[in-house]
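For reference, the structure discussed in these notes is given below.
The values are calculated or read from the model by the stated rules, or taken from the named source; none is laboratory data. Bear in mind the structure is a predicted one, so any value in this text is a computation, not a measurement. Backbone-built Cβ (ideal geometry, glycine too); neighbour counts: all protein chains shown.
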Amino acid sequence: GVLEAVEREGFVEKPGATMVWGRDTAPWSWYFRETNRTHPHAYQVWRPRFDQLLLDNARAAGVEVREGCHVSEVLFDGERAIGVRIAGEASGSREERARFVVDASGQAGLIARAQSLRHYDDAFRNLAVYAYHEGAAHLPPPDAGNIFIESTSDGWCWTIPLGGGRNSVGAVVDSARGQRGIAELGTEGFYAAQLALAPRTSALLAGARRVDGPHVARDWSYVAERLTGEAHVLVGDAACFVDPLFSSGVHLALSSAVLAAAYVTTSLRRPEMGAAAAAVYAELYLQQYGHFRELARLFYASNRSVESYFWEARRILGDDAGTPREAFVRAAAGQPPQGYERVVLERGDAPADFAGDVHALESERAARRRAWDAALSGGHPPAALLAAIARPTAGVRVERKPVLEGGEFLWGDVLVSGSRPEGTPISPLVARLLAALDGRGSVAEALEDVVADLPADRAGRMGAPLLTTLGILYVDGVIDGLDAALGVSCEGN
């Protein structure tokens, strides 16, 4: 991969974020290491150099790279993509045929715009005005590499240290208000006015000089109606974009690229799986997009340090019944302290219904975890647990779907629920256990059924792993029927 090249490049390490956001006006920080010990930092990359590293890595892997060209159009035969039209070469415009087209054209969105697939998100009608500065001060250690976000009466400002003495500094405001302000003050005047509303950001820039910009971007939040079609796929910003608040663009671009590569490989190697793999690609990518979207809505709704039109208009979490809210609540409840979602609950003023749902779910999980640990504290499961009749919780089922494995999609088992409609891949052992927990026989009988076909020596070794799996399924609310045996009330208290 490209990780070693990225590490050698010397990009600024980003340990987390520092924010003026939430209940008070004092800056506070959170760190990746608090939730991810394996990867305790990200990188503040300078995009021109980072993109060149990605291109060079592709070339080294055998990809034919053509620079100085411009793809003006994706060519179709009916609904099937068959190639692209290239401009900018010495010979002028020409066509290039392909077995499969990956639209990685970013916000230009060649296919989405040509086919009117792009739907803009009314929840994020924002405008950004941004520039690059040299010589800005850094936050004090250990926050020197953090993004700094400061909420203002008109919106919020960001400051990102990019290395080489360069900082990206921008302001996000309501789109209509921003357009009026730019018309009145000009881009430079409006940019200066927004920075003046952010005293801590202004202090960091006191000794800096602007070297590029300001530039304007607006109405960037959108999602394509469909992400795949015959012999083509949309990735990264060509498919969707949420909001700059969490710097999610590169993350979504890279993760969707991994999924898209598997989808293309599967479609070319096993065309009969193409449609199923396409559906899973869209589900997995849109699940990530939806999570970041709900997270951004939650953050906007939770800021109470500033009272203004911008913030009142964005305190709307819970108004949109069409969002995957249950999944997001469960994701937030599953986060260790100091994840982005947890920070909102602790530092922000989250809407009461959201905070209540999260705390209720956490309380239920905690009660089940305590009960399970107490029951197994003696080293052996109690008779009441083994005699209990368990079954999958309503809405939970096992399905056969394409599963990402080894750079392609293969058929596998996934656990589907209301909170994870895209499904969570599970092993054949877990699938067999869930099938055996059918609400008719006891837990003991289900455990015996799972190992019935295994050699005796292997079956004997499966007792502890099966009990551990059973405990995880119970604590996560995947199976019902064990509360009474474990002394847990119906309300989870």
Inset, instruction - Select from the stretch 241-292 the residues that are among the charged types (D, E, K, R) and surrounded by 21 or more Cβ atoms within 10 Å (Cβ to Cβ) and list them in ascending order. - result: D243
Inset, instruction - For the stretch 124-145, state whether one or more residues are in a strand (DSSP E or B), surrounded by 22 or more Cβ atoms within 10 Å (Cβ to Cβ) and in contact with a Leu (Cβ under 9 Å, 6 or more places away or on another chain). - result: no
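Of the residues that make up the stretch 397-414, is at least one at pLDDT 80 or above, under 20 Å from F292 (Cβ atoms) and not in a loop (DSSP other than H, G, I, E, B)?
If we filter the stretch 397-414 for residues that are at pLDDT 80 or above, which is where we start, we get 397-414.
Going one step further and asking which of them are under 20 Å from F292 (Cβ atoms), we end up with 404.
Restricting the remaining residues to those that are not in a loop (DSSP other than H, G, I, E, B) gives 404.
Yes, there is a match, as at least one residue in the stretch 397-414 is at pLDDT 80 or above, under 20 Å from F292 (Cβ atoms) and not in a loop (DSSP other than H, G, I, E, B).
Being among the hydrophobic types (A, V, I, L, M, F, W, C), farther than 24 Å from V258 by Cα and surrounded by 13 or more Cβ atoms within 10 Å (Cβ to Cβ), is that true of even one residue in the stretch 58-68?
Initially, the stretch 58-68 is screened for residues among the hydrophobic types (A, V, I, L, M, F, W, C), giving 58, 60-61, 63, 65.
When the remaining residues are screened for being farther than 24 Å from V258 by Cα, the result is none.
There is no residue in the stretch 58-68 that is among the hydrophobic types (A, V, I, L, M, F, W, C), farther than 24 Å from V258 by Cα and surrounded by 13 or more Cβ atoms within 10 Å (Cβ to Cβ).
Would you point out the residue of the stretch 200-232, among those that are among the hydrophobic types (A, V, I, L, M, F, W, C) and in a strand (DSSP E or B), that is modelled with the lowest pLDDT?
Checking each candidate, the answer is A217.
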Legend entry - Whichever residue in the stretch 167-182 is of a type outside the set (D, E, K, R) and not in a strand (DSSP E or B) and, among such residues, is surrounded by the fewest Cβ atoms within 10 Å (Cβ to Cβ): A176
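Suppose we filter D103, D51 for residues that are among the charged types (D, E, K, R), closer than 24 Å to A260 by Cβ and touching a helix residue (DSSP H, G or I) at 6+ places or on another chain (Cβ under 7 Å); which single one remains? Quick ask: steps written out before the conclusion?
On the way: D51 fails: touching a helix residue (DSSP H, G or I) at 6+ places or on another chain (Cβ under 7 Å).
One residue alone meets the criteria, D103.
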Legend entry - Residues (in a helix (DSSP H, G or I) and surrounded by 15 or more Cβ atoms within 10 Å (Cβ to Cβ)) located in the stretch 431-458: A431, R432, L433, L434, A436, V443, E445, A446, L447, D449, V450, V451
Legend entry - Condition check for G178: touching a residue at least 60 places away in the same chain (Cβ under 8 Å), of a type in the set (G, A, S) and either closer than 28 Å to L139 by Cβ or touching an Asp or Glu at 6+ places or on another chain (Cβ under 9 Å) (or both): no
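Condition first: among the small types (G, A, S), farther than 18 Å from A296 by Cβ and in contact with a His (Cβ under 6 Å, 6 or more places away or on another chain). Can you find one or more residues in the stretch 126-146 that meet it? Write out each step before concluding.
Of the stretch 126-146, the ones among the small types (G, A, S) are 128, 131, 135-137, 144-145.
Going one step further and asking which of them are farther than 18 Å from A296 by Cβ, we end up with 131, 135-137, 144-145.
Subset that is in contact with a His (Cβ under 6 Å, 6 or more places away or on another chain): 144.
Checked the stretch 126-146: at least one residue is among the small types (G, A, S), farther than 18 Å from A296 by Cβ and in contact with a His (Cβ under 6 Å, 6 or more places away or on another chain).
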Inset, instruction - Only residues in the stretch 31-60 that are part of a helix (DSSP H, G or I) count as the first member; pair them with residues that are polar (S, T, N, Q), Cβ under 9 angstrom, at least 6 apart or cross-chain, and list the lot. - result: E34/Q338
Inset, instruction - Could you tell me which numbered condition D143 fails, if it satisfies all but one of (1) more than 21 Å from G181 (Cβ to Cβ); (2) free of Cβ contacts under 8 Å to residues at least 12 places away in the same chain; (3) among the charged types (D, E, K, R)? - result: (2)
